[in-house]
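Data block below; observations after.
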Amino acid sequence: MTAPKLVLKNLSSAPEWNLEHGVWFTTISGAEIVAAVEQMLAQNARLMGITGLVKGDETQLVYHFSAQDEICSIKTMTFRQHMPSITPTTPAADWAECEAQDLFDVTFDGHPSPRRLIRPAQLEAGFYRQPGGSASKPEQA
Amino acid sequence: MPYTIPIGPYHPALEEPYKLNVTCKGEVIEKADIEIGFSFRSIELLAQRRNYIQDLTLVERVCGICSSVHTATLAMAAEKLAGIEVPARGKYIRTIMLELERLHSHLLWAGIGAEVLGFQTIWMEVFNLRERVMDLLELVSGNRVHYAANAIGGVNFDLTDPKAVLDAVHEIKDKLATIIVPAFMQSLTMKDRVAGVGLLTREDVLAYGAVGPLARASGLATDIRQDRPYAAYPELDFKIVTAESCDVKGRILVRALEMLESVRLIEAAMDNLPSGAVRITDTFPVIPAGEVVMSTEAPRGEVFYYLISDGSDIPQRLKIRTPSFVNIPAVQAMVRGQYLADLPIIQASADPCCSCTDR
């Protein structure tokens, strides 16, 4: 298989799908995320969630979709920590975007009600912007 | 003139701490705003600073009710990345633990639902039966909650007394079929109380991305155990229970019949339990660099873990999306136009788990 059953068309970034451990991944431009999500929803895919990953001063956002037996994940990068909101397109994104705002300090342009959702009031937005994996180990003397 | 009532985060009607700001006109709810985060523990961040062995213990504590499904999902995500094949007996024991957990979770919900409705007798009967399930979980794993069942490459213990397990399962099935399920499905008082209450249309389910019994009670026949089967589920047959009424009655019906399906699954797994090892013994699991999404069907619906490994023994990124995170927002649609007196059972019917939601 070279592509999932779900297709993305008429995007300037012409995304190609890669299958990794049974999950389809692709990368598109952040400016086209609303168009891409509209296409996914029109094909009866369900938005599972949005994952944030720290990439330098920006954040990579991964939008995960489920369509019966397939999982398709769309990767995109913020621009100056901004990303168009998909909440006006689907209410399923409301909490996912608020969570990414709390944890990674991403601003979702056009979100109808951006608010603190999961973050304790004492913490500043973006407190998940810390290294994970081997970079999280303290340096040994 | 509309008025707003704050309910929570600590309130007798709420199972776990979250806040509902309910705007009413007279007795009718116009809208509800939801606040969460009262149980936030930054588990994802903690997991990204600990190795996989520590993380199995950590993610088990995302929730006390659906603890085993979290360790199973993390273990299976790591196994997928590493290409580890779990022995058949390990897969079956993993499945048995997951179904016992579903059973105890649905019984917990049924008891709380009955108590919220004022049906105290059934609440007592259900919790009495749930104690038998907890006894069985303790017999198998040593713990009533947080079973430490899963390891990367299999499970941590074997079923050393299958006859005792089967005897207990038969007793539970008998009581479910003769007392609990009929009480929920045949009681006229119960049916009249919850019919037409807390409507969540199929369109709303799709819009909010709701999952699990909440979605199945609105007619969506979706279950990760069949859509993307894992563990021993490809070899076991069961029915996806759905209802078309889209109300609290439908959600009660779905969970009641799912309990019977869980018992059948446990019996089938016990009858066909393969012999052999319960976990890999010849290699120590090493998780290579890569990324994977693993989804499972928790008692409340789909859980998915997105794991990114940099090849070290610590996950670079571990995203945990729990079913209540997508189900609780649907409460906003369920309470619109409903009576304030029905709010407790409507929000309870979503089976909200704030430990899972907040992580």
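The values are calculated or read from the model by the stated rules, or taken from the named source; none is laboratory data. Here the structure is a predicted model, which means the values were calculated and not measured. Using ideal geometry, Cβ is built from the backbone for each residue, glycine included, and neighbour counts are taken over all protein chains shown. Just so you know, the surface numbers come from the protein's heavy atoms only, side chains and all, with ligands and any DNA or RNA stripped out. Shrake-Rupley method; radii C 1.70, N 1.55, O 1.52, S 1.80 Å.
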Give me the net charge for the shell around residue A:96: Cβ to Cβ below 12 angstrom, other residues only, Lys and Arg +1, Asp and Glu -1.
-2
Given a cut-off of 17 Å, what percent of all Cα-Cα pairs of the range B:63-162 lie beyond it?
54
Normalised per residue, the volume inside the convex hull of the alpha-carbon atoms of the protein assembly as shown in Å³ amounts to 149
Taking the alpha-carbon set of the range B:69-109, what are its Rg and Dmax in Å?
12.1, 37
Hey, rough spin-label estimate for residue B:25 and residue B:41, points 7 angstrom out along Cα→Cβ, what's it come to in nanometres?
4.3
With only alpha-carbon pairs counted, each pair once and no self-pairs, how large is the Kirkwood hydrodynamic radius of the range B:155-247 in angstroms?
16.3
At 1.4 Å probe size, what's the solvent-accessible area of residue B:126? Round to the nearest 10 Å².
0
Calculate the FRET efficiency for residue B:286 and residue B:161 from the Cβ-Cβ distance with a Förster distance of 45 Å, rounded to the nearest 0.05.
0.85
When the distances between all Cα atoms of the range B:216-289 are binned every 10 Å from zero, what whole-number percent does each bin get?
16, 34, 26, 15, 8, 0
Express the relative contact order of chain A as a whole percentage, based on alpha carbon pairs under 8 Å and six or more residues apart in sequence.
18
Using just the C-alpha positions of the range A:1-103 as equal point scatterers, what log10 of I(q)/I(0) does the Debye formula give at each q in 0.22, 0.23 1/Å?
-1.26, -1.37
For A:2, A:27, give me the order by solvent-accessible area with a 1.4 Å probe, most accessible first, ignoring ligands, DNA and RNA.
A:2, A:27
Residue-wise HN-Hα coupling along the range B:91-98, computed from phi with Karplus coefficients 6.51, -1.76, 1.60 (Hz; x: Gly, Pro):
5, 5, 5, 4, 5, 4, 5, 5
Quick check: the angle from helix B:162-175's long axis to the longest principal axis of chain B, C-alpha only, nearest 10 degrees?
10
Percent relative contact order of chain B, based on C-alpha pairs within less than 8 angstrom and at least six residues apart?
27
Of all C-alpha pairs within the range A:53-93, those more than 16 angstrom apart amount in percent to 48
Residue by residue, what Karplus-based ³J(HN,Hα) values in Hz, rounded to whole numbers, does the range B:129-138 have, using 6.51, -1.76 and 1.60 with θ = phi - 60° and x for Gly and Pro?
5, 4, 4, 5, 5, 5, 4, 5, 4, 5
What is the percent carbon and sulfur in the accessible area of the range B:1-48, measuring with a 1.4 Å probe over the protein chains and ignoring ligands?
58
Taking only C-alpha pairs under 8 Å that are 6+ residues apart, what is the relative contact order of the range B:2-70 in percent?
19
May I ask for the angle, rounded to the nearest 10°, between helix A:94-104 and the longest principal axis of chain A, with both axes built from Cα atoms and the value confined to 0 to 90°?
40
Enumerate the calculated ³J(HN,Hα) couplings along the range A:24-35 in order (Karplus 6.51 cos²θ - 1.76 cosθ + 1.60, θ = phi - 60°), each rounded to whole Hz, writing x wherever the residue is Gly or Pro.
8, 10, 8, 10, 10, 6, x, 5, 9, 5, 5, 4
Of B:31/B:173; B:175/B:249; B:91/B:175, which sit over 30 Å apart, Cα to Cα?
B:31/B:173
Taking the Cβ-Cβ separation of residue B:138 and residue A:10 as r and a Förster radius of 51 Å, what is the calculated FRET efficiency to the nearest 0.05?
0.30
How would you classify the range A:31-71 from its alpha-carbon gyration tensor, with a ≥ b ≥ c the square roots of the eigenvalues: rounded for a/c under 1.5, else prolate if a/b is greater than b/c, otherwise oblate?
oblate
Label-to-label distance, nm, for residues given as residue A:31 and residue A:55 (7 Å Cα→Cβ offset)
1.6
Which angle from 0 to 90°, rounded to the nearest 10, does the C-alpha axis of helix B:248-271 make with the longest principal axis of chain B?
20
FRET efficiency, 1/(1 + (r/R0)^6) with R0 22 Å, evaluated for residue B:124 and residue B:341 via beta carbons:
0.45
Can you pull the Rg over Rh of the range B:247-317, Cα-only, Kirkwood?
1.14
As a test of reading the structure, rank B:187, A:12 by solvent-accessible area (1.4 Å probe, protein chains only), most first.
A:12, B:187
5 angstrom amide H check on residue A:29, placed H, neighbours 5+ away
A:13
Going from the alpha-carbon gyration tensor of the range B:2-94, what semi-axes, largest first and in whole Å, does one get by taking the root of 5 times each eigenvalue?
40, 15, 11
Given the alpha-carbon gyration tensor of chain B, what are the semi-axes of its equivalent ellipsoid in whole angstrom, ordered largest first, with each equal to the square root of 5 times an eigenvalue?
34, 25, 16
Stretchable slack from residue A:121 to residue A:75, in nm (0.36 nm times residue separation minus alpha-carbon distance):
13.6 nm
